[in-house]
């Protein structure tokens, strides 16, 4: 495939994946308004967030397996279509059970994208180039977070809560069409004869060694996005528009971390697991700082550092690690397994944090961040680095 065409397909994939975060973080941005209008309670917000993460985690395993066999454009376009429709329907503000079901549908639809996207990149580029491009692709997560904050804050302020779901839904449908027009041109290799079945992959010791740190980083990463708006509004008694100025820096720094990932890899001489270990150390220090009553700007900086650190860790476990299985054509399946651990951690965190923040305050959440980071450092230093050497 010509370089120009490959780069165009990569750009569409990048923007499509960015768009799903607009159709995901919009719930976090709208949650204060949903609480104030008595559509949802704090625990229901946590429950809906948890359902999203559980469904997404299970969907990633299923769709990772399917993604090795079905053309990427089918998976991606169908996922964008369902996610777009789910967001549009939530825009009518149904009761709690309706939002719960539609948000679960949105979660499953979004789980259809990453594995197929990984496979697409590995098909349009050679291995080393694909690895480099995937290190850039992970920045789409932070870019989506930034756009979601800007877009949804403006929409809620000018058009109201409903349009915080209607507009992102429309954006997702536009990218569904873009994928149909571009990614459908990618010709994928058939399943390889040495392709490992799922039962063999789940026994792989390489996956076992990073499973728990992957779960713990997911517990931190996605719950920062879910709770940051409510945290600033509750802790510092500020409105949504004012809180947006503080929380905007968090994904901006996360984007910087993701963009710096290729350079960090070179600095660490491709020792990705050491990068993950040091990333968790940053989380420990910043989380402990948040246990103290600090000014909002200090809290913003601390959360930004945590988000940047887990964004870099995410690059290690979800982008670089699955490419180790490209020789057997299992990169999509392994990507799905790793994301299962990631979002299972996020789901557990969402349920736990919804309860403990309601009854014990946000310090309990930050203490949990520090504790799981300590455990992750111990696991990586004792097991993963030892095996890598």
If R₀ is 22 angstrom, what is the calculated FRET efficiency for the pair residue 267 and residue 127, using the beta carbon separation as r and rounding to 0.05? 0.50
Once you've got the GNM for the chain with C-alpha springs shorter than 10 Å, pick whichever of 270, 200, 358 has the biggest mean-square fluctuation. 200
Extension gain from residue 184 to residue 101, taking 0.36 nm per residue of separation minus the Cα-Cα distance: 26.9 nm
Determine, for 271, 119, the number of other Cβ atoms within 10 Å of each Cβ, and report the residues in order from fewest to most. 271, 119
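Give me the extension gain from residue 237 to residue 382: residue separation times 0.36 nm, minus the current Cα-Cα distance, reported in nm with one decimal. Write down the numbers at each step before the final one.
On the way: separation 145, 0.36 × 145 = 52.20 nm, distance 4.33 nm.
Contour length minus the Cα-Cα distance gives 47.9 nm.
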Candidates for volume of the Cα convex hull per residue in Å³ are [x] 120; [y] 134; [z] 203, and the calculated one carries label [x]
Using alpha carbon centers only, segment 18-63 is separated from segment 266-307 by a whole-angstrom value of 25 Å
Just report the Cα centroid separation between segment 318-389 and segment 185-246, whole Å. 8 Å
Using a Gaussian network for the chain with springs between C-alpha atoms less than 10 Å apart, which of these wobbles most: 11, 230, 80? 11
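For the residues 5, 221, 205, 274, what sequence is obtained by ranking on other C-beta atoms within 10 Å, fewest first?
The fewest-first ordering by Cβ neighbours comes to 205, 5, 274, 221.
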Take 128, 381 and order them by how many other Cβ atoms sit within 10 Å, fewest up front. 128, 381
Most mobile of 315, 33, 218 per a Gaussian network model of the chain (Cα springs, under 10 Å)? 33
Gyration tensor (alpha-carbon) shape descriptor, segment 1-81, a/c threshold 1.5: oblate
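We did not get these values from a lab; they are worked out from the coordinates using the rules stated. Since the model is a prediction, treat every value here as computed from it, not as a measurement. Ideal geometry is used to build each Cβ from the backbone, glycine not excepted, and the neighbour counts take in all protein chains shown.
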